[in-house]
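Contents: one structure, followed by commentary.
The values are calculated or read from the model by the stated rules, or taken from the named source; none is laboratory data. Owing to the predicted nature of the structure, the values given are computational and were not obtained by experimental measurement. Reconstructed Cβ throughout: ideal geometry from the backbone, glycine too, with neighbour counts over all protein chains shown. Keep in mind that these areas ignore ligands, DNA and RNA; they rest on the heavy atoms of the full protein, side chains included. Shrake-Rupley method; radii C 1.70, N 1.55, O 1.52, S 1.80 Å.
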Amino acid sequence: MDWASVIGLVLAIAGIFLGYTLDGGRFASLIQPAAFAIVVVGTFGAVLLQSEPRTFLRGIGMLRWVFVPPKNGRQKLSREIALWSLTARRDGLLSLEQFMNKADPFVAKGLRLVVDGIQPDKVRSLLEHEINGYEFAQRQAARIWESAAGYSPTIGILGAVLGLIHVMENLSDPARLGSGIAVAFVSTVYGVGMANLFFYPVGNKLKAIVSDKVSQYEILAEVFADLASGDHGRVVDERVASLLTHH
């Protein structure tokens, strides 16, 4: 669990409600299910409209990374690289096949290219193509949260207009005016608040996680090219050092 994300979200929400109540407002006034439905359902509907379904679902699934981020496997990966280097130097490149079964798909592909005797430049080129495809797909998925941040304030304003229409329709019934006005203004609060306190931060954090994973893959691509060229010693050790320091 990434407690910094949890605490940050709680502080952001608590700050809004605390400031509102200290100014004399009532907490219950900010709880408007109608306004929440307009902003949330409308926002995600707009995002789904602009996105491919699989990209949208991938982005929704990535939300868990904000609170339970992928494990930092750099230490484990550095040990595996050292083992690959030692095994290749001692037993030859074909011996690396034993590490493929339980490997990450990208790692398994890199090991397969090395075992198959592909030229180093070709190994690097093929893996870079794989990295570019992975990065594009993951960034497109993470970008749905930025899109949501762009749409939600406008949809909040739309909710405000709908609330005012409801108010105008009930001018002859003063008892219903208060709820209509509340929905109108709270919709705007929800739209702007969710954009800046949730959607934008989530999108930025997911992009940082994707960038970290891509940097690991880029180093691995160089490691596999080194192994394919026969550099099993100092060069690979430098790759391991960069893997541990650049994060």
Discussion item. Give me a comma-separated list of calculated 3J(HN,Hα) values for the range 87-95, in order, Karplus coefficients 6.51, -1.76, 1.60 applied at θ = phi - 60°, integers in Hz, x for any Gly or Pro.
Written reply: 5, 5, 5, 7, 10, x, 5, 4, 5
Discussion item. With the crude spin-label approximation of a point 7 Å out along Cα→Cβ, what separation in nm comes out for VAL41 versus SER172?
Written reply: 2.9 nm
Worksheet item: With +1 on each Lys and Arg Cβ and -1 on each Asp and Glu Cβ, how big is the dipole of the range 88-128 about its Cα centre, in debye rounded to the nearest 20?
Response: 80 debye
Worksheet item: Under a no-solvent Debye model with one identical scatterer per Cα of the range 104-156, what's log10 I(q)/I(0) at q = 0.20, 0.22, 0.25 Å⁻¹?
Response: -0.73, -0.81, -0.92
Worksheet item: How large is the charge dipole for the range 60-203, taken about the Cα centre, if only the Cβ atoms of Lys, Arg (+1) and Asp, Glu (-1) carry charge, to the nearest 20 debye?
Response: 600 debye
Response to the item:
Expected vector for the range 206-217, Karplus 3J(HN,Hα) from phi with 6.51, -1.76, 1.60 and θ = phi - 60°, integer Hz, x for Gly and Pro, equals 5, 5, 5, 5, 5, 4, 5, 5, 5, 5, 5, 5
Practice prompt. Estimate the FRET efficiency between LYS76 and LEU11 by the formula 1/(1 + (r/R0)^6), using the beta-carbon distance for r and 41 Å for R0, to the nearest 0.05.
Written response: 0.80
Worksheet item: For the range 1-135, what value does the Rg/Rh ratio take when both radii are computed over Cα atoms and Rh is the Kirkwood radius, given to two decimals?
Response: 1.22
Response to the item:
Taking protein heavy atoms only, a 1.4 Å probe, and rounding to whole percent, the accessible area of the range 1-101 owed to carbon and sulfur comes out at 67 percent
Worksheet item: What residue among MET194, MET62, MET168 has the largest mean-square fluctuation in a Gaussian network model of the chain, using Cα springs under 10 Å?
Response: MET168
Item to complete: Putting +1 on Lys and Arg Cβ atoms and -1 on Asp and Glu Cβ atoms, find which of LEU57, VAL10, PRO120 reaches farthest to the positive end of the dipole of the chain.
Response: VAL10
Worksheet item: What's the extension gain from ALA28 to GLU128 if we count 0.36 nm per residue and subtract their Cα-Cα distance?
Response: 30.6 nm
Practice prompt. With θ set to phi - 60°, apply the Karplus curve 6.51 cos²θ - 1.76 cosθ + 1.60 along the range 143-149 and write out the HN-Hα couplings as whole Hz, x wherever there is a Gly or Pro.
Written response: 6, 5, 6, 5, 4, 4, 5
Fill in: Gap separating the Cα centres of the range 103-122 and the range 125-152, nearest whole Å
24 Å
Worksheet, complete the sentence: Output row, site ALA208, 7 Å Cα→C-beta label point, backbone N cut-off 17 Å, window the range 29-66, residues 63-66
Worksheet entry | the chain: Lys pairs at Cα distance under 21 angstrom, eight or more positions apart or on different chains | 11
Worksheet item: Using the alpha-carbon atoms, what tilt in degrees (0 to 90, nearest 10) does helix 234-245 show relative to the longest principal axis of the chain?
Response: 20 degrees
Worksheet item: Helix 3-22: angle to the longest alpha-carbon principal axis of the chain, degrees 0 to 90, nearest 10?
Response: 10 degrees
Worksheet item: What residue among LEU113, LEU63, LEU22 shows peak mean-square fluctuation when the chain is described by a Gaussian network model with Cα springs under 10 Å?
Response: LEU22
Worksheet entry | With DNA, RNA and ligands ignored, accessible area of THR21 (1.4 Å probe; Å², nearest 10) | 60 Å²
Worksheet, complete the sentence: Using eta = 0.890 mPa s and T = 25 °C, Stokes-Einstein with Kirkwood Rh from Cα pairs puts D for the chain, in µm² s⁻¹, at 114 µm²/s
Discussion item. At 1.4 Å probe radius, can you tell me the per residue accessible area of the chain in Å²?
Written reply: 56 Å²
Worksheet item: Roughly how many Å² of LYS207 are accessible to a 1.4 Å probe, to the nearest 10?
Response: 60 Å²
Item to complete: For every helix of n ≥ 4 consecutive DSSP H residues, a contribution of -39,500 (n - 2.57) applies; sum these over the chain, divide by its total residues, and give [θ] at 222 nm rounded to the nearest 500 deg cm²/dmol.
Response: -26500 deg cm²/dmol
Item to complete: Could you work out how far the C-alpha centroid of the range 186-201 sits from that of the range 1-59, in angstrom?
Response: 6 Å
Item to complete: Give me the net charge of VAL214's neighbourhood, meaning all other residues with Cβ under 14 Å from the Cβ of VAL214; Lys, Arg count +1, Asp, Glu -1.
Response: -3
